[in-house]
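Below is one structure, written out as structure tokens; the observations come after it.
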């Protein structure tokens, strides 16, 4: 998997373990609640699409990108090639990894 962003891979494996298959064939964005604080979304549509989980701010998510929310706020955007994520004292990459590895 050389060249594919590590964050993208970890999220994909997490969702696969939870039974998500053929997400590229979905007709609407995937929205997965990890816990009370974290939500993972994915855009399988071939155009940028606004994804707004219930009670959260919305985000224009490009094709084949994950958008991650933490405590109702946009925390990160993740693609095959890179990631831009928050670095707060609690809402950070290490804590996100802990949650998706439980």
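Applying 1/(1 + (r/R0)^6) with R0 = 22 Å to the Cβ-Cβ distance of residue 98 and residue 73, what FRET efficiency is obtained, to the nearest 0.05? Walk me through the intermediate numbers first.
Working: r = 19 Å, r/R0 = 0.86.
FRET efficiency, residue 98 to residue 73: 0.70.
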For the chain, what is the mean residue ellipticity at 222 nm derived from helices alone (per DSSP H run of n ≥ 4: -39500 (n - 2.57); sum divided by total residues; nearest 500 deg cm²/dmol)? -6000 deg cm²/dmol
In nanometres, what is the gap between the two model label sites at residue 57 and residue 90, each 7 Å from Cα along Cα-to-Cβ? 1.8 nm
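Assuming a ≥ b ≥ c are the square roots of the Cα gyration tensor eigenvalues, decide whether the range 3-102 counts as rounded (a/c under 1.5), prolate (otherwise, with a/b larger than b/c) or oblate.
Taking the square roots of the gyration eigenvalues as a ≥ b ≥ c, the range 3-102 is rounded.
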Quick check: the distance between the Cα centres of the range 41-60 and the range 1-40, to the nearest angstrom? 14 Å
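Given R₀ = 25 Å, FRET efficiency for residue 48-residue 22 by Cβ-Cβ distance, to 0.05?
Details: r = 21 Å, r/R0 = 0.86.
That pair, residue 48 with residue 22, gives E of 0.70.
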Burial-style ranking of 8-18, 85-95, average other-beta-carbon count within 10 Å with highest first, yields 8-18, 85-95
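Please compute the length gained on full extension between residue 4 and residue 32, using 0.36 nm multiplied by the number of residues separating them and subtracting their Cα-Cα distance. All intermediate terms of the calculation are to be shown ahead of the outcome.
Values: separation 28, 0.36 × 28 = 10.08 nm, distance 2.18 nm.
Result: 7.9 nm gained on full extension.
None of the figures in this text is laboratory data; all of them are computed from the coordinates on show. Given the structure is predicted, the values throughout are model-derived calculations rather than measurements. Note: ideal-geometry Cβ built from the backbone for every residue, glycine included; neighbour counts use all protein chains shown.
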